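Data first, discussion second: the structure below is written as structure tokens.
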Amino acid sequence: MLSTAVVVAILILGYRVYSPANKNGFDCTGYLIVDSDAFNFSAGLNSYLLMGNDNKGYFNMSGTVKSNAVTYQVERSYGFSYQRQRNGIYHLTDITMSKRSADNAVDEVMSKVLISPDLNHGRYIKINELGNAFVLQGVYSPALMCVQK
């Protein structure tokens with residue numbers, strides 16, 4: 001009887017420690033579509049987000065954006081550090097952006113609607129988990145739904 005209780009206690013502890021809900025890290029992929037009449041901006045971007053267990057993250061995007069009738073190719077990634085706050089809010093700091101040679105998008109165009117590094121304050125995002133999918137949003141509205149493979 002005692003050995004059964006010990007085994008059950010170990011299983012419960014193992015589930016609590018290794019449960020996905022207790023881990024900060026995850027990665028997911030998605031397709032980001034943005035259509036903003038206010039900024040005369042549209043985008044279709046493949047995306048990959050990694051939130052590592054080491055409080056480091058990586059966001060990659062590739063695709064096209066159109067702003068004021070000009071189409072740009074986007075091939076860039078963002079590295080960052082993060083601190084998880086409460087209620088699924090993350091504070092991103094130390095944001096760096098890397099552009100590959102195929103990327104000809106103007107940074108000012110991209111920062112109107114998407115991630116724009118703020119070196120002094122960082123950025124806040126909210127991530128809601130829905131099973132194996134995650135909804136990422138900025139301050140005002142959802143931005144991306146991505147799914148773990």
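If you plug the beta carbon distance of Tyr124 and Asp54 into 1/(1 + (r/R0)^6) with R0 = 25 Å, you get a FRET efficiency near 0.80.
Each of Asp94, Asp107 has its accessible area taken with a 1.4 Å probe; listed largest first, they run Asp94, Asp107.
For Lys149, the aspartates and glutamates whose Cα falls under 17 Å of its own Cα, not counting residues fewer than eight places away in the same chain, are Asp27, Glu129. Of the chymotrypsin sites (Phe, Trp or Tyr not before Pro) found in segment 59-106, not one falls in a DSSP loop while having at most 11 other beta-carbon atoms within 10 Å. Taking all protein chains together, Leu136, Leu130 sort by accessible area into Leu130, Leu136, largest first [probe 1.4 Å]. Placing unit charges on the Cβ atoms only, positive for Lys and Arg and negative for Asp and Glu, gives segment 50-97 a dipole magnitude near 160 debye about its Cα centre.
The values are calculated or read from the model by the stated rules, or taken from the named source; none is laboratory data. The structure displayed is predicted, hence computed values, not measured ones. As a convention, Cβ positions derive from the backbone with ideal geometry for all residues, glycine included, and neighbour counts pool all protein chains shown. Quick note on the areas: whole protein, heavy atoms, side chains included, nothing else; ligands and nucleic acids left out. Shrake-Rupley method; radii C 1.70, N 1.55, O 1.52, S 1.80 Å.
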